[in-house]
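The values are calculated or read from the model by the stated rules, or taken from the named source; none is laboratory data. Values in this document were obtained by computation on a predicted structure and should not be read as measured data. Ideal geometry is used to build each Cβ from the backbone, glycine not excepted, and the neighbour counts take in all protein chains shown.
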Amino acid sequence: MSGHNKWSSIKHKKGAADAKRGKIFSRVSKEIIMAAKEGGGDYSLNARLRSAIAAAKAANMPNDNIERAIKKGTGEGGSAVMEVLSYEGYAAGGVAVIVTCLSDNRNRTAADIRSFFNKYNCTMAGAGAVSWKFHRKARFLIEGENANEEKLFELLLDGGTDVEDISVVDDEAEVLAPPESFAAILAILENAGIAATESSIALIPENFTEIKDANTARQVQKFLDVLEDYDDAQEVFTDMLVSDEIAEELANED
C-alpha cells in the first residue's frame, strides 16, 4: 500500500535496540534455539538452522554461544527443555498481536505475558481468536544490488520453487513464499551467492488494521517494545498499518 508502513507484515522490530550487540545476539540465539528445536541440531539437514547460524556468524557471535544455543534447542547436555508457547490478543485500536515464546517454565511465561497485556490496557484472547488473521510464510529479506524483483523472480522460478510475492522498497527486497519452500529457496540463494539479511517462517496478516492516530500508534508501539524486550519472547507479530508520516514521527521520538 503506497504511502503506508507495513509495521506488521513482519515481526515488529526496534532499530535502536537491535543496533546493540547484546540485543542482536539475543535475537539470533533465539532463532538458533527455535530452529534446532524444530529441525534438529544438524545444520546440514536443517535449512532454518543453517540460516540462523549464518546470521549469527555475520553478527560475530562466538562459536561457543552458537553451540550452546543449539544444545539448548535440542535439550542436550542437561539443558532445560524449551517449550514453544504462543499468546494472542488485541492492543489499542483493535490491533491484533501474536507473541511466540521459548520457555522452560510455562506458568511463569503465561503470568508475565498476561501482566504485560493488563499493564498496557490490552486484551488477551483465546487460542485462534487472532491467529486466523495470519498465514505462515517463508520470508526472506535481501539488501543491496541483489534486491532486484525481476532478477529474484527469474532465479527462484527457474529453480522450481513456489514464490508468492517479491516487493522492493529502498533497495531491500522481501520475498514471501509457502513455508514448505523455505529450504529450497535458501538453497537457491546460497548457490547463487546471495545472502539473506533475514530469513524465517513468519506470520503475515491477511489484512491490516490501519491506525490513523499518532497517540494510538504510540500506545501500540510501547506495548510491542515491552514484548520484544521480554527474555522469553521469540517473535512478535501484528497487523498494524500506519502512514509513513506517523511512522516517521514515532521514529524521531526514539
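Quickly run through region 134-150 and pick out the residues that are among the charged types (D, E, K, R) and either at pLDDT 95 or above or touching a Ser or Thr at 6+ places or on another chain (Cβ under 7 Å) (or both).
Arg139, Glu143
For region 205-227, what are the residues that are farther than 13 Å from Ala92 by Cβ and surrounded by 20 or more Cβ atoms within 10 Å (Cβ to Cβ)?
Pro205, Phe208, Leu227
Only one residue in Asp162, Asp170, Asp231 is exposed (fewer than 14 other Cβ atoms within 10 Å of the Cβ) and touching a Pro at 6+ places or on another chain (Cβ under 9 Å), so which one is that?
On inspection, the qualifying residue turns out to be Asp162.
Among the listed residues Lys137, Lys119, identify the single one that is within 28 Å of Glu164 (Cα to Cα) and among the basic types (Lys, Arg).
Lys137
Given the criterion of a type in the set (Gly, Ala, Ser) and surrounded by 21 or more Cβ atoms within 10 Å (Cβ to Cβ), identify the matching residue among Ala91, Ala125.
After ruling out the rest, the residue left standing is Ala91.
Look through Val97, Val81 and report the one residue that is β-branched (Val, Ile, Thr) and crowded, with 16+ Cβ neighbours inside 10 Å.
After applying the criteria, what remains is Val97.
Restricting region 128-150 to residues that are under 20 Å from the mean Cα position of the chain (by Cα) and closer than 11 Å to Val175 by Cβ, which is surrounded by the fewest Cβ atoms within 10 Å (Cβ to Cβ)?
Only one residue tops the list, namely Leu141.
Taking the conditions exactly as written (outside the structural domain of Asp229 (by TED's automatic domain parsing) and not aromatic (Phe, Trp, Tyr)), does Gly159 satisfy them or not?
So Gly159 passes the test.
With respect to Val175, determine if the residue is among the β-branched types (Val, Ile, Thr), assigned by TED's automatic domain parsing to the domain that holds Asp231 and either within 25 Å of Asn207 (Cβ to Cβ) or in contact with a Phe, Trp or Tyr (Cβ under 6 Å, 6 or more places away or on another chain) (or both).
Spelling it out, it is not the case that Val175 is among the β-branched types (Val, Ile, Thr), assigned by TED's automatic domain parsing to the domain that holds Asp231 and either within 25 Å of Asn207 (Cβ to Cβ) or in contact with a Phe, Trp or Tyr (Cβ under 6 Å, 6 or more places away or on another chain) (or both).
What is the one condition in (1) modelled with pLDDT of 70 or more; (2) under 30 Å from Val242 (Cα atoms) that Ser44 does not satisfy?
Here Ser44 clears every test but (2).
Any chance region 86-103 includes a residue that's among the charged types (D, E, K, R) and within 21 Å of Tyr43 (Cα to Cα)?
No: zero hits.
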